[in-house]
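A short worksheet on the structure shown next.
The values are calculated or read from the model by the stated rules, or taken from the named source; none is laboratory data. A quick note: this is a predicted structure, and the numbers were derived from the prediction, not measured. Neighbour counts run over all protein chains shown; Cβ positions are idealised from the backbone, glycine included. Remember, those area values only see protein heavy atoms, side chains included, never the ligands or the DNA or RNA. Shrake-Rupley method; radii C 1.70, N 1.55, O 1.52, S 1.80 Å.
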Amino acid sequence: MATNEAMKPVNLVIFGRQGSGKGTQCAMITTELGSIHISTGDMLRAAVEQGTEFGLQAKAIMDRGELVSDEVISGIVAERLAQSDVTQNGFLLDGYPRTLTQAESFVGILNDLGLTLDLALNLDVPIDEVTTRMLSRGRADDTEEAIARRLDLYEKETAPLFEFFLDQGVFEVIDGLGSESEVFDRLNTVISAVISGKSQ
Ligand code: AP5
Ligand code: MG
């Protein structure tokens, strides 16, 4: 990716089934772009580690593979997106929006902050492969039951959002199979095209 001092911040969302490699790729992309990786799952896990009352409630929900409330998660994201490191450097949002209600809130949050979404990426990896990856990763919510529930909710609640972003003309599907660097190269190509479009 051709990055330079004068580059306008790039605002991205990444979709993809649980275990598709969003977190892995986001770390590589934000290192390259200098933008901010915002993972709602990582933020919730940080709250769990801090042992706050909210963290304890979130842990119970996450361990079952359910979603925390739309209102709470949109509030957390709105607060984070308003911070100056994000408005100055751009964001890569991972794990949000996940429901239609969240997508609608997201539009309102961006409008309020005067921000524009440049691209929503969908890191596409089949169910069998993501299941294998998660079972070998072993996070607290990577039990067979919770994985099945998360994947089910993804098809029901999150996949319908693709249409929402397609309609806005900012949606690209990326093949998430292959090595981490092969997948990164594919993402890089699409993101670079958006960056050169912005600088024209
Ligand atoms: P979240 O943390 O977002 O979890 P997730 O959606 O289950 O996604 P993962 O983090 O499991 O997968 P990933 O795509 O990041 O893959 P990774 O890079 O780790 O959410 C957790 C919970 O928080 C939710 O269930 C919900 O309760 C709550 N939550 C979060 N956001 C919410 C929201 N908006 N609304 C309501 N609730 C919300 O990779 C997976 C594994 O594969 C790793 O071991 C990795 O090393 C490996 N790997 C990566 N790339 C490759 C490759 N190319 N080849 C082989 N292996 C690879
Ligand atoms: Mg992740």
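If I ask for residues that are in contact with a helix residue (DSSP H, G or I) (Cβ under 7 Å, 6 or more places away or on another chain), in a helix (DSSP H, G or I) and farther than 22 Å from Phe54 by Cα, which ones from the stretch 88-109 would you list?
Across the stretch 88-109, the qualifying residues are Leu100, Ala103, Ile109.
More than 29 Å from Thr87 (Cβ to Cβ), not in a strand (DSSP E or B) and not β-branched (Val, Ile, Thr): is that true of Asp128 in this structure? Outline the logic, then answer.
On the way: more than 29 Å from Thr87 (Cβ to Cβ): yes; not in a strand (DSSP E or B): yes; not β-branched (Val, Ile, Thr): yes.
Yes: the conditions hold for Asp128.
How many of the residues making up the stretch 142-168 are closer than 22 Å to Gln102 by Cα, in a loop (DSSP other than H, G, I, E, B) and at pLDDT 95 or above?
2
Of the numbered conditions (1) exposed (fewer than 13 other Cβ atoms within 10 Å of the Cβ); (2) touching a residue at least 12 places away in the same chain (Cβ under 8 Å), Val170 satisfies every one except a single condition; which is it?
Every condition holds for Val170 apart from (1).
So Thr3 passes all but one of these: (1) more than 17 Å from Leu119 (Cβ to Cβ); (2) at pLDDT below 95; (3) polar (S, T, N, Q). Which condition number does it fail?
Among (1) more than 17 Å from Leu119 (Cβ to Cβ); (2) at pLDDT below 95; (3) polar (S, T, N, Q), Thr3 violates only (1).
Quick one: how many residues across the stretch 78-124 are more than 15 Å from His37 (Cβ to Cβ), more than 13 Å from the chain's Cα centre (by Cα), within 15 Å of ligand 1 (Cβ to nearest atom) and crowded, with 16+ Cβ neighbours inside 10 Å?
3
Rundown of residues vs (1) over 19 Å from Ala120 (Cβ atoms); (2) within 16 Å of ligand 2 (Cβ to nearest atom); (3) open to solvent by less than 20 Å² (accessible area, probe 1.4 Å), yes/no style:
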| site | (1), (2), (3) |
| --- | --- |
| Met28 | no, yes, no |
| His37 | no, yes, no |
| Ala60 | yes, no, no |
| Glu66 | yes, no, no |
| Ser69 | yes, no, no |
| Ile76 | yes, yes, no |
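Does any residue in the stretch 48-62 that is closer than 22 Å to Thr143 by Cβ and aliphatic (A, V, I, L, M) come within less than 7 Å, Cβ to Cβ, of a residue that is open to solvent by 70 Å² or more (accessible area, probe 1.4 Å) and in a helix (DSSP H, G or I) six or more places away or on a different chain, and which pairs are these?
Hits for this filter: Val48/Lys59.
Specify the residue that is farthest from ligand 1 (Cβ to nearest atom); the eligible residues are those in the stretch 132-165 that are surrounded by fewer than 19 Cβ atoms within 10 Å (Cβ to Cβ) and β-branched (Val, Ile, Thr).
Filtering first and then ranking leaves Thr143.
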